[in-house]
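Asks: Here you go, one structure.
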Amino acid sequence: MSNLNISRAGLCRLRCFLKDDNIVISIKRISSRKNEYDIMIQRISIHKRGRKIKMINRKTAVALAVSLAMLVTPVAAFADFTDLGDAPWAETYIEEMAEEGIVTGYEDGTFKPNDNISKYASVLMIYRTVKAADLVTSSEQTINISRHMTTIASKGVPNWPDMYGAVAYCLEEGIITSADLDNFHIGESYTNARRFEVAVFLGKAMNSYLDENLNVLYSLDFKDASSIVSAARPYVYLLNKNGVINGDTEGYFNPNSPITRAAMSKMLSVSLGLLKDESPEQNTKAGEITSILGDTSRVVVRDVDDESVSNLYNLTDVEILIDGRSKDVDDLQVGMNVILSFSGDSLVKLSVTDEDVSSDLLEYDGIYKNYIDMGSYAILTIEMPDGDREAYKLLNSTDISKDGLAVSLINLKSGDPVNMETDSDYITDLQVFSMTQTYDGIFIEVVENDDYDAVKIKDDSGKYVEIELSGDVDVEKNDRNREISDLINGDFVVVTTEYSKAVGIVASGLETNAEGIIKSILIAEEPKITVVDSDDAEKTYTLHDDVDIELDGYDRTIYELRLNYTVSLVAQGDVVTSIDAESTSSSDNIDGYVITVDSSSDRLRVRYYDGDDYVFKYVYMKSGTDIYLEDGDDGDFDDIDANDKVFVYGQTIGTKFYADRIFILE
């Protein structure tokens, strides 16, 4: 017997290769390391129609196995990917999917985890996942391809490995339609898959086997759930429910964003586990962190249901979430309430739960004014909350801390707030705080109390903090002076306090611009506006209480907006802070000649006569633009040439003219 060292990916592909070619290899695994195996070749035999017809001697067997291992191990096997550090969170998923042959790398040894994937690549990976779960047989693949070959050929489906089988399978199962394939490529360029599209493809494929009832009432917790097209929502719900997809760290699904190779690997890894029915039942347990063991990545959690029970957990490979964001063990604190999520007996996730309002903001005992050195002790003057001043003795040996750090008396400043413990007229413990404090966090809301207002934030540890507002608090947001009412839930804020009252707030909110046509307006306690953009994608926004609305250059209100008005929006998340609307009709027709065709930008330059003079205008394509040939048949962008006479029906959105329909006349 002879030994051979081979990677996990190589071993997997070797077995698949031999199986497909009716070669049976008997392997004894001697030892294994990460991504590698030491194996012993025992024998190789050739089979035909299930019967052994030839035995190969050991020397030949080893030579054949070595050759086959080199043959079937790809240039960029996952053990050799050089750029997985670009998406470290997805490394395990990528390796698992590479081992299964569902994803592959590039010849230069990279995987390019943050590159976007095309629609063709997405359905190919989904199909390979279904195959890896042994849910499609070779005979079924052959039948599917034969049944749909006419469509595959007419739509120009690329002849990548497994691609014909993937498209045929998706057509057969109703995952895609023949018309969908028209949007899989533009000319020679393959169209990137968006997140909601992949959710539909994968959701339909998964539910062919999960067979869950999607005709139920459900809700999506994503902040941008309203912008997910209705046709995709059941599948987003299905995949989210089963842990296949999640939102980003801010709670958004981002349905129209492209999907990366790393994200796809993660989705397929979870999906494969579901399809193989290998995912152990998930269960959770609530608890409180009572101890963190130094830098060992281990914590002790006391069970909420039975406080007499505490368990030690190793968090080395456990996902840690605080306020929905991925964190490290160093971010955990004793006293945090947590939810532990288990897969079988293994802890897979620790989530810090919302806590009550923090008591970090202290009620101070008084204000330090000055001290007199008396040799073995000092006399401190403290101004009490009622305005009276009192003298206390402080021994030189008494510990003094300021903002949590040990200091001496000379480090104190008149006006510093203090908390103290006393015995008779001596101070036995003195805690001093800077007159000015800063608090970082995420803005939640303004809380109105009977005798004061407070700003509520969530700090980095996940705790809620309420800070009383001074009467003249200064607010700055995105480098502009604002009012407290201009803050929006989710803003990042730095709050500066003096004597526990907020005197300054610096906020930052991620503002985005959008253009489109008003499709619907909801007049309600929380008014909303739905806008359709140039790609026919709809998005619904909530109007901020102090939204600035201009209509044809004049200040207006929501009551003066109308359907089909063209609008430019400034929004923060789903909240609109500014609307610039035009009431004039945006529809138009162009009857002219094509001057140039710009395939890289999906646009035409057209010359036409406007009644006074010849005009040149760029005409942009949309994802739903229909093109008709001279004989009335459907066409595509490649059918348009310079000097063609065309009639274009479209709309001006913002500053660009987008075509709804193009008729090639001659």
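The values are calculated or read from the model by the stated rules, or taken from the named source; none is laboratory data. Given the structure is predicted, the values throughout are model-derived calculations rather than measurements. Reconstructed Cβ throughout: ideal geometry from the backbone, glycine too, with neighbour counts over all protein chains shown.
Per-residue answers, yes or no, for (1) modelled with pLDDT of 90 or more; (2) on the phi < 0 side of the Ramachandran plot; (3) under 17 Å from the mean Cα position of the chain (by Cα):
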residue: Trp160; (1), (2), (3): no, yes, no
residue: Phe184; (1), (2), (3): yes, yes, no
residue: Leu210; (1), (2), (3): no, yes, no
residue: Asn256; (1), (2), (3): yes, yes, yes
residue: Ile259; (1), (2), (3): yes, yes, yes
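Asks: Of the residues Ile523, Ile518, only one is within 30 Å of Lys622 (Cβ to Cβ), among the β-branched types (Val, Ile, Thr) and either in the same structural domain as Phe222 (by TED's automatic domain parsing) or exposed (fewer than 14 other Cβ atoms within 10 Å of the Cβ) (or both); which? Lay out the reasoning, then the answer.
Replies: Details: Ile518 fails: either in the same structural domain as Phe222 (by TED's automatic domain parsing) or exposed (fewer than 14 other Cβ atoms within 10 Å of the Cβ) (or both).
So the residue among Ile523, Ile518 that is within 30 Å of Lys622 (Cβ to Cβ), among the β-branched types (Val, Ile, Thr) and either in the same structural domain as Phe222 (by TED's automatic domain parsing) or exposed (fewer than 14 other Cβ atoms within 10 Å of the Cβ) (or both) is Ile523.
Asks: So, one more: Quick check on this structure: which one of Val594, Val576, Val567, Val615 is surrounded by 11 or more Cβ atoms within 10 Å (Cβ to Cβ), without any contact (Cβ under 8 Å) to a residue 24 or more places away in the chain, in contact with a strand residue (DSSP E or B) (Cβ under 7 Å, 6 or more places away or on another chain) and β-branched (Val, Ile, Thr)?
Replies: On the way: Val594 fails: without any contact (Cβ under 8 Å) to a residue 24 or more places away in the chain; Val576 fails: without any contact (Cβ under 8 Å) to a residue 24 or more places away in the chain; Val567 fails: without any contact (Cβ under 8 Å) to a residue 24 or more places away in the chain.
From the options Val594, Val576, Val567, Val615, the qualifying one is Val615.
Asks: For Ser343, are the conditions met, namely being in contact with a Pro (Cβ under 8 Å, 6 or more places away or on another chain), closer than 30 Å to Gly85 by Cβ, surrounded by fewer than 19 Cβ atoms within 10 Å (Cβ to Cβ) and in contact (Cβ under 8 Å) with a residue 40 or more places away in the chain? Working first, answer last.
Replies: Values: in contact with a Pro (Cβ under 8 Å, 6 or more places away or on another chain): yes; closer than 30 Å to Gly85 by Cβ: yes; surrounded by fewer than 19 Cβ atoms within 10 Å (Cβ to Cβ): yes; in contact (Cβ under 8 Å) with a residue 40 or more places away in the chain: yes.
Considered against the rule, which asks whether it is in contact with a Pro (Cβ under 8 Å, 6 or more places away or on another chain), closer than 30 Å to Gly85 by Cβ, surrounded by fewer than 19 Cβ atoms within 10 Å (Cβ to Cβ) and in contact (Cβ under 8 Å) with a residue 40 or more places away in the chain, Ser343 comes out as yes.
Asks: A further question follows. Mind checking which residues of segment 579-589 are surrounded by 18 or more Cβ atoms within 10 Å (Cβ to Cβ), small (Gly, Ala, Ser) and either modelled with pLDDT under 85 or over 24 Å from Ala659 (Cβ atoms) (or both)?
Replies: Listed by number, the list is empty, since nothing qualifies.
Asks: Name the strands (runs of 3 or more DSSP E) wholly inside segment 549-666 in which the number of residues that are outside the structural domain of Lys155 (by TED's automatic domain parsing), of a type in the set (D, E, K, R) and farther than 19 Å from Ile517 by Cβ is 2 or more.
Replies: Details: elements: 566-572, 575-582, 587-598, 603-609, 614-620, 626-628, 645-653, 656-664.
Strands (runs of 3 or more DSSP E) meeting the threshold: 587-598, 603-609.
Asks: Checking the structure you have, find out if any residue of segment 284-297 is of a type in the set (Asp, Glu) and either at pLDDT below 90 or in contact with a strand residue (DSSP E or B) (Cβ under 6 Å, 6 or more places away or on another chain) (or both).
Replies: Just the residues of segment 284-297 that are of a type in the set (Asp, Glu), to begin with: 288, 295.
Retained after the next criterion (residues that are either at pLDDT below 90 or in contact with a strand residue (DSSP E or B) (Cβ under 6 Å, 6 or more places away or on another chain) (or both)): 288, 295.
Yes, segment 284-297 contains at least one residue that is of a type in the set (Asp, Glu) and either at pLDDT below 90 or in contact with a strand residue (DSSP E or B) (Cβ under 6 Å, 6 or more places away or on another chain) (or both).
Asks: Of the numbered conditions (1) in a loop (DSSP other than H, G, I, E, B); (2) farther than 19 Å from Lys539 by Cα, Leu202 fails exactly one; give the number of that condition.
Replies: (1)
Asks: Let me ask you something else. Conditions: (1) at pLDDT 90 or above; (2) out of contact with any Pro (no Cβ under 6 Å at 6 or more places or on another chain); (3) of a type outside the set (Gly, Ala, Ser). Lys241 meets all but one. Number of the miss?
Replies: (1)
Asks: Something else now. Restricting to segment 215-233, give me the number of residues that are surrounded by 14 or more Cβ atoms within 10 Å (Cβ to Cβ), over 22 Å from Lys622 (Cα atoms) and of a type in the set (A, V, I, L, M).
Replies: Going through segment 215-233 one residue at a time, the tally reaches 2.
Asks: Within segment 553-572, can one find any residue that is under 30 Å from Ile664 (Cα atoms) and of a type in the set (Val, Ile, Thr)? Break it down stepwise before answering.
Replies: The first filter runs over segment 553-572 and keeps only residues under 30 Å from Ile664 (Cα atoms), leaving 564-566.
With of a type in the set (Val, Ile, Thr) added as a condition, the list becomes 566.
For segment 553-572, residues under 30 Å from Ile664 (Cα atoms) and of a type in the set (Val, Ile, Thr): present.
Asks: Looking only at segment 468-522, count how many residues are within 30 Å of the chain's Cα centre (by Cα), within 18 Å of Ile442 (Cβ to Cβ) and small (Gly, Ala, Ser).
Replies: Counting residues in segment 468-522 that are within 30 Å of the chain's Cα centre (by Cα), within 18 Å of Ile442 (Cβ to Cβ) and small (Gly, Ala, Ser) gives 5.
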